[in-house]
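What follows is one structure encoded as structure tokens, with my remarks underneath.
Any read-out appearing in this document is the output of simple, stated calculations on the displayed coordinates, not a laboratory observation. Values in this document were obtained by computation on a predicted structure and should not be read as measured data. Cβ placement follows ideal geometry from the backbone for every residue including glycine, while neighbour counts extend to all protein chains displayed.
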Amino acid sequence: MPPLHPNPPRLVTVALALALLVVGTIVALPIGQAVDLLAPLADVVEPYGIELNQPLGFLCLLAGDALLVAGSLLPGL
């Protein structure tokens, strides 16, 4: 089995992962004033049946970390 050679993730991957991590941190660990900043995002995702709650915040944290790992291991992601 050949050794893994980590690649730098693309800028789009890093930006998406950082957005997921920021939203996940604000929602999972309810930070008073920052939760109010996410009100426009909550209004956008509400028609799709998605509620910004603590479990979703933890999922965003997990997805952000997984995206950074996948971006460094898979070329072109």
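With a simple spin-label model that places each label point 7 Å from the Cα along the Cα-to-Cβ direction, the separation between ALA39 and PHE58 comes to 2.8 nm. Summarising the label geometry, the points placed 7 Å from Cα in the beta-carbon direction at ASP65 and LEU29 lie 1.3 nm from one another.
How many percent of Cα pairs in the range 11-72 exceed 20 Å? In whole percent, the share of Cα-Cα pairs in the range 11-72 beyond 20 Å is 25.
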